[in-house]
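The values are calculated or read from the model by the stated rules, or taken from the named source; none is laboratory data. Bear in mind the structure is a predicted one, so any value in this text is a computation, not a measurement. Neighbour counts run over all protein chains shown; Cβ positions are idealised from the backbone, glycine included. When the accessible area is computed, the model is the full protein with side chains, heavy atoms only, and any ligands, DNA or RNA have been set aside. Shrake-Rupley method; radii C 1.70, N 1.55, O 1.52, S 1.80 Å.
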Amino acid sequence: SDSRFGSLPGVIRTRVGYAGGTTENPTYYHLGDHTETVQVEYDPTQISYQELLDVFWAGHDHTRPSLSQQYASIIFYHDDEQENLALASQERQEAQCGCRIYTEIVLATAFYLAEDYHQKYRLQQSREFVSEFEAIYPDNDDFVNSTAAARVNGYLGGYGALADLQAEIDDLGLSPGARQRLLDMVRRRE
């Protein structure tokens with residue numbers, strides 16, 4: 001889920017899509033050999049790749065084999081350092097649980113954006129908040145690429161700390177009413 005990463009300090013943008021396969025221009029209904037994935041762009045001066053790996057491991061059951069390639073557990077890496085960190089984190093997970101880990105560690109290749117209705121899923125479930133972002137970003141590509149939309153999507157998905165939201169609420173572009181509702185939602189969750 002892109003909401004799991006979106007509210008992390010240092011995450012610039014999240015986008016849902018397909019990767020790891022050979023089919024050109026996959027879609028949800030014509031996925032070929034791709035896997036559904038989340039692309040996370042981040043500022044390494046604010047959050048480390050290791051911290052992103054920790055969130056990844058905490059966010060799903062990696063001890064069961066996937067039912068299909070579409071839902072496989074995969075970490076895509078971009079360079080030798082990321083590959084080494086991913087492999088080391090996988091070994092730690094295996095040692096901690098004493099079981100087999102089914103997550104694959106794979107070199108990143110082409111990433112294809114998923115359809116619009118998959119993007120910022122939690123945010124799109126809230127008519128109030130999606131209306132706010134439609135006013136800010138009339139072009140859907142700008143919405144999908146928005147740091148603010150990724151952040152709000154994360155908070156609406158149940159992730160992120162109140163202190164982090166309070167520190168950045170002025171930068172999200174929300175109306176006073178929406179700002180207060182988001183703060184109240186996160187406050188109640190904590």
Which numbered condition Tyr121 fails, given (1) within 24 Å of Asp54 (Cβ to Cβ); (2) modelled with pLDDT of 95 or more; (3) in contact with a strand residue (DSSP E or B) (Cβ under 9 Å, 6 or more places away or on another chain)
(2)
Every listed condition ((1) touching a residue at least 40 places away in the same chain (Cβ under 8 Å); (2) open to solvent by 60 Å² or more (accessible area, probe 1.4 Å)) holds for Asp170 save (1)
State which residue pairs qualify: first residue more than 15 Å from Arg122 (Cα to Cα) and at pLDDT below 95 and inside the stretch 132-148, second residue open to solvent by 70 Å² or more (accessible area, probe 1.4 Å) and not hydrophobic (A, V, I, L, M, F, W, C) in any location, beta carbons under 7 Å apart, and separation of 6 or more residues or different chains.
Asn140/Asp116
What strands (runs of 3 or more DSSP E) completely inside the stretch 33-121 contain at least 1 residues that are open to solvent by 70 Å² or more (accessible area, probe 1.4 Å), closer than 24 Å to Asn140 by Cβ and polar (S, T, N, Q)?
none
Subset of the stretch 122-154 that is among the acidic types (Asp, Glu) and within 25 Å of Tyr29 (Cα to Cα) - its residue that is surrounded by the fewest Cβ atoms within 10 Å (Cβ to Cβ)
Asp139
Exactly one condition in (1) open to solvent by 20 Å² or more (accessible area, probe 1.4 Å); (2) touching a residue at least 12 places away in the same chain (Cβ under 8 Å) is not met by Gly177; state its number.
(2)
